[in-house]
Amino acid sequence: MDSPLAQRLSAGLARAEAQHRLRRRDARSGAQGVECCIDGRRYLNFTSNDYLGLAAHPRVLDRVRHELGGQGFGSGSAALLSGRSSLHDELERALADYTGMPAALLFSSGYLANLGALGGLLERGDLVVHDRLNHASLIDGVLASGAHHRRYPHADVSRAAASLGEQSDGLRWLVTESVFSMDGDVAPLATLEMLAAEHGATLYVDDAHGFGVLNDGRGAAASLTADSRRSMVLVMTLGKCLGSVGGVVLGSAELVQYLVQHARTYVYDTALPAVCAAAALEALAMLREAPQRVGRLHDRVSRFRTRATAAGLRLSDSPTPIQPVMIGDDARALAVAARLLAEGFYVRAIRPPTVPAGTARLRITLTHDHEDAHIDALVDALVPALNP
Ligand SMILES: Cc1ncc(COP(=O)(O)O)c(C=O)c1O
């Protein structure tokens, strides 16, 4: 007789399999980049969030090798013990400066940054108004806080306004991603900024996919007013455009000081290894020196969109490196991804619960390093894969 836990596990896995929602893990050998190698076969990779091609850039690797000698690898303890190095300090200052935000606080991941910031800042009587398609880390942070919350239909500013107008004795918050991680569209930030100001709400923007992409790389904050930047909360990850790992919350110096006291994922977590901060610092220096990297990335996006549209593919309204190809049915999405894989294209099917039921899709991402020929070959393969 199986234990109660074993019964739960096998029933849950069987259900996921029957619904075509079982998640499968691959193990890459070698670095990820435009190509990736899995089980000895090389694929053209269209799944990476290393949009600017910096994760394995020789200059970043040289810096990491250099710092590794001096710093070692593990940070040894939490940031409030001996885990925080001068590289953490330098990166916090550099990120604040680059984004135009007053101050920054590093976490070990973007997920932990959201959990820690929302958990530390929200109180039970507060009202949180948030986009229905927000990332899991935002949803988890809001739910765990016990604050009242209202989810508005994706990017629907009038519904967001109506919810912000609800009675509340606590603080009001308006929480959104800048670039939505599974759709690639950009939030109506200027309108949300106005709404937040009108209702006395704090604007909280997750710029995980906007930093390095929007506003010549400076991210979402660059299009907001100086007043907003002083009062808002901005979160980003080092794991996408900066090619490293880690997360950061940006806001006023007082906000950072408050989070150092109240963000549990900051206080009780082993600090990010200093070499991860060094990798991000080097990547940031490269972005500052050569913002044309961002221009080339957008050029890659345009080429994909132009070619795909000419080939009759229906694309969604995304101006960013995240280009979803909507399929709808979970089994069909898996079949299309399997066909592309067989042709040598590494593209994954994204299914519920990551995206809403009935909206399974291929999440194609373009990066700085994709050549014209790579993009054209993908479009040529997509057409028959979608219309077998
Ligand atoms: C919008 C958004 N926020 C936060 C995160 C979490 O960042 P990290 O991967 O650094 O934990 C992600 C990453 O997938 C994301 O897409």
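The values are calculated or read from the model by the stated rules, or taken from the named source; none is laboratory data. Computed from a predicted model, the values in this text were never measured in an experiment. Here the Cβ positions follow ideal geometry from the backbone for every residue, glycine too, while neighbour counts run over all protein chains shown. Note: areas computed on protein heavy atoms with side chains; ligands, DNA, RNA excluded. Shrake-Rupley method; radii C 1.70, N 1.55, O 1.52, S 1.80 Å.
For this structure, a couple of remarks:
- Selection from the range 9-60 of residues that are on the phi < 0 side of the Ramachandran plot and acidic (Asp, Glu): 17, 26, 35, 50
- Boolean, residue 362 is in a strand (DSSP E or B) and within 24 Å of residue 25 (Cβ to Cβ): yes
- The range 225-251, subset of a type in the set (Val, Ile, Thr) and more than 22 Å from residue 322 (Cβ to Cβ), residue farthest from the chain's Cα centre (by Cα): 225
- Any hit, the range 324-331, residues being more than 23 Å from residue 368 (Cα to Cα), outside the structural domain of residue 178 (by TED's automatic domain parsing) and in a loop (DSSP other than H, G, I, E, B): yes
- One residue stands out in the range 185-207 among those that are part of a loop (DSSP other than H, G, I, E, B) and crowded, with 16+ Cβ neighbours inside 10 Å: the one that is farthest from the ligand (Cβ to nearest atom), namely 199.
- Applying the criterion of at least 3 residues that are within 16 Å of the ligand (Cβ to nearest atom) to the helices (runs of 4 or more DSSP H) found wholly in the range 32-132 leaves 86-99, 110-121.
- Just one of the listed residues (145, 168) is among the polar types (S, T, N, Q), in the same structural domain as residue 281 (by TED's automatic domain parsing) and out of contact with any helix residue (DSSP H, G or I) (no Cβ under 8 Å at 6 or more places or on another chain), and it is 168.
- In the range 208-233, the residues that are outside any helix (DSSP H, G or I) and within 24 Å of residue 285 (Cβ to Cβ): 208, 209, 210, 211, 212, 213, 214, 218, 219
- Check on residue 65, free of Cβ contacts under 8 Å to residues at least 40 places away in the same chain and in the same structural domain as residue 211 (by TED's automatic domain parsing): yes
- Tallying residues that are open to solvent by 40 Å² or more (accessible area, probe 1.4 Å) and in a helix (DSSP H, G or I) within the range 283-311 yields 14.
- Pair list, Cβ < 9 Å and 6+ apart or interchain, from the range 8-21 residues that are within 15 Å of residue 331 (Cβ to Cβ) to residues that are exposed (fewer than 11 other Cβ atoms within 10 Å of the Cβ) and of a type outside the set (A, V, I, L, M, F, W, C): 16/23; 21/353
- Number of positions in the range 89-98 that are touching a residue at least 60 places away in the same chain (Cβ under 8 Å) and surrounded by fewer than 24 Cβ atoms within 10 Å (Cβ to Cβ): 5
- Residue, nearest to the ligand (Cβ to nearest atom), within the range 133-183, restricted to residues that are assigned to a strand (DSSP E or B) and open to solvent by less than 30 Å² (accessible area, probe 1.4 Å): 177
- Out of 256, 248, 260, sole residue that is over 25 Å from residue 353 (Cα atoms), within 16 Å of the ligand (Cβ to nearest atom) and touching a residue at least 40 places away in the same chain (Cβ under 8 Å): 248
- Flag: residue 260 does not match the condition of being modelled with pLDDT of 95 or more, outside the structural domain of residue 365 (by TED's automatic domain parsing) and either closer than 22 Å to residue 32 by Cβ or not in a helix (DSSP H, G or I) (or both).
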